Amino acid sequence: MSTVATDNVALVRSAYEAFGRGDIPAVIDFLDPDVLWVETDGGPYGGIYRGPQAVLEGIFARVGDEWDGFVVDVERMVSEGDTVVGICTYRGTYRATGRAMVARVVHVWEMRDGRAARLEQFVDTEQLNAAVR
């Protein structure tokens with residue numbers, strides 16, 4: 001693995017760790033000012049979010065308000081150049097229904113100058129939607 005790829009993996013790992021600690025400001029700081037964040041269509045947060053503020057309001061604030069115990073368990077990460085892939089599992093309980101969820105997810109991060117310029121999520125939306133319904 002090249003030094004760039006190793007550095008990018010460390011940066012993405014730090015962002016996952018910050019999220020796990022509830023340090024959302026650190027995660028937002030990790031995002032490029034022009035970040036493009038793509039959530040899987042068909043899920044409760046599906047769509048495209050442009051810029052850190054849109055990600056904060058459209059994803060992180062909603063997840064914090066709507067889920068108890070929401071975690072991202074990172075199984076492994078692979079990288080090539082400026083691309084880092086996180087293979088993960090989401091876990092949590094949707095507050096409004098009390099239903100628990102476990103969903104496999106893959107995040108494809110595109111890095112630029114030490115920040116996330118793009119994130120595309122691929123998730124089992126049926127698991128998310130079953131908890132929300």
**OP:** Go through the range 44-56 and give me each residue that's aliphatic (A, V, I, L, M) and either crowded, with 17+ Cβ neighbours inside 10 Å or part of a loop (DSSP other than H, G, I, E, B) (or both).
**Re:** 55, 56
Original post:
Within the range 72-85, can one find any residue that is out of contact with any Pro (no Cβ under 7 Å at 6 or more places or on another chain), assigned to a strand (DSSP E or B) and of a type in the set (Ser, Thr, Tyr)?
Top reply: yes
Subject >> Checklist (1) over 23 Å from residue 14 (Cα atoms); (2) of a type in the set (S, T, N, Q); (3) in contact (Cβ under 8 Å) with a residue 40 or more places away in the chain applied to residue 127, failing item >> reply: (3)
Original post:
What about residue 7, is it modelled with pLDDT under 95 and among the acidic types (Asp, Glu)?
Top reply: yes
**OP:** Looking only at the range 57-83, count how many residues are farther than 17 Å from residue 107 by Cβ and crowded, with 16+ Cβ neighbours inside 10 Å.
**Re:** 2
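Residues checked against (1) closer than 20 Å to residue 6 by Cβ; (2) among the aromatic types (Phe, Trp, Tyr); (3) not in a helix (DSSP H, G or I):
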position	(1), (2), (3)
29	no, no, no
62	no, no, no
70	no, yes, yes
110	yes, no, yes
116	yes, no, yes
121	no, no, yes
Subject >> In the range 52-97, residue nearest to the chain's Cα centre (by Cα) [restricted to those that are within 14 Å of residue 116 (Cβ to Cβ) and free of Cβ contacts under 8 Å to residues at least 24 places away in the same chain] >> reply: 59
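The values are calculated or read from the model by the stated rules, or taken from the named source; none is laboratory data. Nothing here was measured: the structure is a model prediction, and the numbers come from that model. No Cβ is skipped: glycine too gets one built from the backbone with ideal geometry, and neighbour counts run over all protein chains shown.
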